[in-house]
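Remarks on the structure that follows.
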Amino acid sequence: MNHPQAVGYNEVTFMYTGGAVPYPPPPPPSRRRRLIPFRVVVRGFVAASAIIGVLALLICLIYWPRTVRVAVATATLARFEVDRYDTTPTSITPVLSYNLTAVLAVSNPNRRASVYYDGLQASGLYQFHRFARAALPVPFQGTRRTDMVPVVLTGSSPAHVDLRPDAFPPHEKGVFPVDLMVDGIVRYRFGKLTTAIASKLTIECRLDLKLMVPSGWVDCAIWS
């Protein structure tokens, strides 16, 4: 007796019986999430803040002013000695007589910003004690400008320093380490707009001077 032969084949992992291969049903269409008005406002605010921040950074990089530069073109110490004493019933105070002249090179390195100076002055210091002060006649500087500013410190004042040769070693060689401190208030002007916030300017110029011997060019250090 002949049995009909089965069409197809059977395996453990796959079975084909000759019929149509069933396909899984398609997934349901995804639902688009609607943006509620609050989310729209938040996203718009974040995007606007990012754009404003980038623009502000670019403006700062382009227009941020550079610090004023100061150097000593020449300086001469004509007199620096204790020539008398002020006496009182309780104390004896030495009086220092001095004559220091210098020329400062004050530079505004900015291409887009002019500079206003408020109360710009130079002070003479010796052994960290100030012995004189003078105003500098520089109220304003245009862009990319360097002015030669004279400084004259002459007169006498109570001496709070020791001028003996053994008190400060450079005296043995006739050298006086005198510092010029330049300080004042700086405001910047961009076109017709002047900054309302002023910044403090402090610059130190260290000099080693001999009597009646002009110094050479000395670059100054910026403190602030």
Q) When you look at Y85, is it surrounded by 16 or more Cβ atoms within 10 Å (Cβ to Cβ) and either free of Cβ contacts under 8 Å to residues at least 40 places away in the same chain or not small (G, A, S) (or both), yes or no? A) no
(Q) For the list (1) surrounded by 13 or more Cβ atoms within 10 Å (Cβ to Cβ); (2) at pLDDT 75 or above; (3) over 25 Å from Y126 (Cβ atoms), I need the number of the one condition that Y63 fails. (A) (2)
Q) Where residues in the stretch 199-221 are surrounded by fewer than 14 Cβ atoms within 10 Å (Cβ to Cβ) and of a type in the set (A, V, I, L, M), which of them is farthest from V68 (Cα to Cα)? A) M212
(Q) Suppose we keep only residues that are outside any helix (DSSP H, G or I) and touching a Pro at 6+ places or on another chain (Cβ under 6 Å) within the stretch 151-193. Which one would you say is modelled with the lowest pLDDT? (A) A159
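The values are calculated or read from the model by the stated rules, or taken from the named source; none is laboratory data. Computed from a predicted structure; not experimentally measured. When we count neighbours, we look across all protein chains shown, and the Cβ atoms used for this are built from the backbone with ideal geometry, even at glycine.
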